[in-house]
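The values are calculated or read from the model by the stated rules, or taken from the named source; none is laboratory data. Being a predicted model, the structure only gives us computed values, none of them experimental. Cβ: placed from backbone, ideal geometry, glycine included. Neighbour counts: every protein chain shown. Ligands, DNA and RNA are excluded from the accessible area calculation, which covers all protein heavy atoms including side chains. Shrake-Rupley method; radii C 1.70, N 1.55, O 1.52, S 1.80 Å.
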Amino acid sequence: MYWGTAEAAWRWVLDQVRYDDAVWIPPSAGEEPNPVLSDGMYAGVGGLAHVLAEIRLSRDWTAEEQRLADAIAGQVLAGLATTTKHDFFDGLVSAVGVLTALEAPGADEAVARLLELSGPGGWADEWHSPPNFLDGARAQDLTLGTAGVLLGAVWARRHGVAGARRLAKVSAEILLAEREEVPTGLNWRVVPVRSCVVQREFPNFSHGLSGIATALALAGAEFGRPDLVEAAAAGAEHLVALADQSDGGFRVQHRIPLLDDMEPFSYGWCHGPTGTSLLWPALRHAGVSEVAGAPVEDWRSRCLHSVRVSGLPERRYPGFWDNDGRCCGTAGAGDVLLDSGQHTDFALHLADVLVERAIPDGSGVCWRFIEHRDDDPLLPPGVGWMQGAAGIAGFLFHAGRVAQGDTAAVPRMDTWWAL
């Protein structure tokens, strides 16, 4: 059942691929290409490399899939020398992940380009600009900023890529210099406080403390830097102080301070305990056994407990769990649960729900997420890895293997230590 829906979703994605002057996919079916996202992992054609890696554990590639893999690798490689984007979602760090997923050359060129683009305080950041941020603000989070570069350096080192150690040193020193000492440990924000006009934090994995501490822990282990491990553990201590543990779980507010109309807690990979659960095995990998007086595995289990009892995947009220993707939704939660080996039955229940929610379209199936504040709440069907049918197909391929008793998982830049 899972593989059948995965193959149908993948067929739908393949039908969206266009080979013009470049190979590309639209962010949503029927849209024009988005140059900002074109080759990236998040919503661009680069993300399809990660589906191909999942497929490779389930069956051989077809000639069509081999053609796609070759086209993606060639296009990403050709763009390395001129791109100015650096980030994990759509830039040079994304390129390292795409090329290694396809077992293609070029990751060394991406690392060299990252070193070339580095400057005081990090990498140029187009996302954080006036009026909420000062000119020259630099992101330090895992998906758009310096922590993502550090995570990419670790992944590059694990693949024998030249320059990885130097890149890790540059990015780690920037993060250490920007740490905030607080009574409960260390803190990092998405952008250093000195560059913020509006003070805000997103403490979870994608844009804040959890993801930054994860990258520091992994780099400390990979490069023999106990100072990075110590900083990561101090960040985890502060995260514990921020968390709601009232029901035996572990969840940290989506945003600090909250906006008036904002849900306090999210549960996905990006801003919830799904992603934050990845911090604890990173600390374990780095040799940290306890944080705040409790074993790191207990904190991981608490995060996953919060996901399990949150109410997902039911859409309990408008605005709750209106997303089935990897970043903010059902597929991302399910994949992390499968990787952890905890709550496997619940993870497969999430896969069941995705099969039920699949919408036949043409020769395949897709999914439509909901924006309850719009007059027409059904969003157009997304195509790519993080917020579309490609990423959901990847999860269903994984679920299909687990349902057959095969626990093999694809190691990726953002999960390999948690398998």
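Structure values in brief
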quantity: Shape call, the stretch 333-419: gyration tensor on alpha carbons, a/c limit 1.5; calculated: prolate
quantity: The stretch 43-126: GluC sites (Glu not before Pro) in DSSP coil with no more than 16 other Cβ atoms inside 10 Å; calculated: Glu103, Glu126
quantity: Solvent-accessible surface (1.4 angstrom probe) belonging to Cys196, in square angstrom, nearest 10; calculated: 20
quantity: Candidates Val355, Val149, Val198, ranked by Gaussian network fluctuation over the chain, Cα under 10 Å, top entry; calculated: Val198
quantity: Residue among Gly391, Gly91, Gly319 with the largest mean-square fluctuation in a Gaussian network model of the chain, springs linking Cα atoms under 10 Å; calculated: Gly319
quantity: Carbon plus sulfur fraction of accessible area for the stretch 72-231, probe 1.4 Å, in percent; calculated: 53
quantity: With all protein chains modelled, accessible area of Asp247 [1.4 Å, Å²]; calculated: 90
quantity: GluC sites (Glu not before Pro) restricted to the stretch 288-318 and DSSP loop, no more than 14 other C-beta within 10 Å; calculated: Glu314
quantity: Shape of the stretch 183-311, Cα gyration tensor, a/c cut at 1.5; calculated: oblate
quantity: 18 Å cut-off, amide nitrogen to a point 7 angstrom out along Asp70 Cα→Cβ, residues in the stretch 33-52; calculated: 49, 52
quantity: Electrostatic dipole magnitude of the stretch 357-419 [Cβ: Lys, Arg +1; Asp, Glu -1; Cα centre; debye, to 20]; calculated: 280
quantity: The chain, helix-only ellipticity at 222 nm - DSSP H runs n ≥ 4, -39,500 (n - 2.57), divided by all residues, nearest 500; calculated: -14000 deg cm²/dmol
quantity: Relative contact order (%) - the chain, alpha-carbon pairs under 8 angstrom, separation at least six; calculated: 19
quantity: Given charges at beta-carbon only (K, R positive; D, E negative), |dipole| of the stretch 214-328 in Debye; calculated: 240
quantity: Heavy atoms of Glu230 accessible to a 1.4 Å probe, total area in Å² rounded to 10; calculated: 130
quantity: FRET E, pair Asp322, Ser363, Förster distance 22 Å, beta-carbon r, rounded to 0.05; calculated: 0.25
quantity: Extension gain, Leu176 back to Ala408 (0.36 nm per residue minus Cα-Cα distance, nm); calculated: 80.0 nm
quantity: The chain - accessible surface per residue (Å², probe 1.4 Å); calculated: 38
quantity: Among (1) 46, 20, 19; (2) 30, 26, 21; (3) 32, 29, 18, the entry that matches semi-axes √(5λ) of the Cα gyration tensor in Å as calculated here; calculated: (2)
quantity: Translational diffusion coefficient (Stokes-Einstein; Kirkwood radius from C-alpha pairs) of the stretch 41-151 at 25 °C, 0.890 mPa s, in µm²/s; calculated: 167
quantity: Fraction of accessible area attributable to carbon and sulfur, the stretch 268-419 (%, probe 1.4 Å); calculated: 48
